[in-house]
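Heads up: the structure comes next, in structure tokens.
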Number of protein chains: 2
Amino acid sequence: MRPTERKLTLALGHNGYKLTAQRRSVLKAISNSHEHLTPAEVHERVNQENSKIGLVTVYRTLELLSELGLICQVHREGKSQSYTLAPSGHHHHMICSECGTVADFTDCDLGELEARLSRETGFEIEGHLLEFSGRCGDCQEQAGRNADD
Amino acid sequence: MRPTERKLTLALGHNGYKLTAQRRSVLKAISNSHEHLTPAEVHERVNQENSKIGLVTVYRTLELLSELGLICQVHREGKSQSYTLAPSGHHHHMICSECGTVADFTDCDLGELEARLSRETGFEIEGHLLEFSGRCGDCQEQAGRNADD
DNA sequence: TGCTAAATGAAAATATTTTTCATTTAGCAT
DNA sequence: ATGCTAAATGAAAAATATTTTCATTTAGCA
């Protein structure tokens, strides 16, 4: 069993949820992709296999997996919500604006900024959202090659 | 004329756009609110006045104002897009998760982190999204008072 | 092997955003 | 001031995205 599947089994069991074929397919589709996927994209990929599961189930499953911390949302200006596999613990995303590849990183060092803002504005800070966007190595190469043509 | 209105007039003129009553109303609704507003909320507030403008115009106007840099989007998990007034230049938001108040700050000091990530992952970084969420001073007080009851 | 609560799927409802196109109007030239 | 024209608006419809409802199926347990 792949580590992600193992996590799924454990997380579901601990919380009184059932392990179904649909849930496994959805998580598999996401963990097989480096990109972030919308509910519709997940649905499409899952149904390319034999299984044929309903879009509603995809929505429900994404919400559940997200709650369990196995996947998480990516925030793109103007686009509909999309999801990517979550490593365990606090982390952030770097997203390629061309191919959608998501790379994770964990150390964000925002503590000091957070403390200062809290002091200056009186806000009690609970969380933060940090994402970088840019071009991944592969897309840069590709662009380079195309320029040579 | 209020400074925000002045900016609107200038920004529109410089780009060959026309100054219409609808555009002024939409910007006014946003600049009168400390909170971030969805298109539907902007529409509602604008139409409480006499004017009655169409929701389509609100959508179109929000897009335009955003392009002109007069307003900007706020990113909330699972919610539909919403907008808030933009100060000039690079900045970020702190958002109260209770009342939706938005406070801006400008210095994010992400340069070093950015350089390191770029070096380590090969990404060419183009931009970042940083938002803090928490409870504003007012909402903390309010919660305190309710606890006393 | 059967029971039951949980999960699924299909359809409908709701919400959100965009497109189309006829009508109106801001800004400019006279 | 007045008329012209490209840009802007509004209404309706279309497209897209998401949620609800409810009858049927199934995982996990006794």
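A count restricted to the range A:16-28 and to residues that are surrounded by fewer than 21 Cβ atoms within 10 Å (Cβ to Cβ) and either more than 8 Å from DNA strand C (Cβ to nearest atom) or within 14 Å of chain B (Cβ to nearest Cβ) (or both) stands at 3.
Screening the range B:29-57 for residues that are among the polar types (S, T, N, Q) and in contact with a helix residue (DSSP H, G or I) (Cβ under 7 Å, 6 or more places away or on another chain) and picking the one that is farthest from DNA strand C (Cβ to nearest atom) gives B:SER31. Screening the range A:6-15 for residues that are open to solvent by less than 80 Å² (accessible area, probe 1.4 Å) and in contact (Cβ under 8 Å) with a residue 12 or more places away in the chain and picking the one that is nearest to DNA strand C (Cβ to nearest atom) gives A:LEU12.
With respect to the conditions (1) of a type in the set (A, V, I, L, M); (2) at pLDDT below 95; (3) open to solvent by less than 30 Å² (accessible area, probe 1.4 Å), A:ALA147 lacks only one, and its number is (3). The helices (runs of 4 or more DSSP H) falling completely within the range A:1-88 that include 2 or more residues that are of a type in the set (Lys, Arg) and more than 9 Å from DNA strand D (Cβ to nearest atom) map to A:3-14, A:21-31.
Looking at the range B:34-67, which of its residues are surrounded by fewer than 18 Cβ atoms within 10 Å (Cβ to Cβ) and of a type in the set (Ser, Thr, Tyr)? Selection gives B:THR38, B:SER51, B:THR57, B:TYR59, B:SER66. Inspect the range A:84-98 for any residue being at positive phi, touching an Asp or Glu at 6+ places or on another chain (Cβ under 8 Å) and of a type outside the set (S, T, N, Q) and give the result as yes or no. For the range A:84-98, residues at positive phi, touching an Asp or Glu at 6+ places or on another chain (Cβ under 8 Å) and of a type outside the set (S, T, N, Q): absent. Here B:GLY100 passes the criteria (1) at pLDDT 95 or above; (2) in contact with a His (Cβ under 7 Å, 6 or more places away or on another chain) except the one numbered (1). If the condition is being open to solvent by less than 60 Å² (accessible area, probe 1.4 Å), farther than 19 Å from A:GLU98 by Cα and among the β-branched types (Val, Ile, Thr), then the range B:102-132 contributes only B:VAL102. Contact map, the range B:96-125: residues that are facing chain A (nearest Cβ under 9 Å) paired with residues that are small (Gly, Ala, Ser), Cβ distance under 6 Å, separation 6+ or inter-chain. Pairs shown: B:SER97/B:SER133; B:THR121/A:ALA103; B:GLY122/A:GLY137; B:PHE123/A:GLY134; B:GLU124/A:GLY134; B:ILE125/A:GLY134; B:ILE125/B:SER118. Remark: pairs (first residue in the range B:127-141, farther than 18 Å from B:GLU114 by Cβ and at the interface with another protein chain (Cβ under 7 Å from one of its Cβ atoms); second residue of a type in the set (Phe, Trp, Tyr) and surrounded by 18 or more Cβ atoms within 10 Å (Cβ to Cβ); Cβ separation under 6 Å; 6+ apart in sequence or on different chains) = B:GLY134/A:PHE123; B:CYS136/A:PHE123.
Quick check on the range A:68-92: of everything there that is open to solvent by 80 Å² or more (accessible area, probe 1.4 Å) and more than 14 Å from chain B (Cβ to nearest Cβ), which residue is nearest to DNA strand C (Cβ to nearest atom)? My answer is A:SER88.
The values are calculated or read from the model by the stated rules, or taken from the named source; none is laboratory data. Just so it is clear, the model here is predicted, and its values are computed rather than measured. A quick note on method: Cβ atoms are made from the backbone with ideal geometry, for glycine too, and the neighbour counts reach across all protein chains shown. Surface accessibility is based on the protein's heavy atoms, side chains included, excluding ligands, DNA and RNA. Shrake-Rupley method; radii C 1.70, N 1.55, O 1.52, S 1.80 Å.
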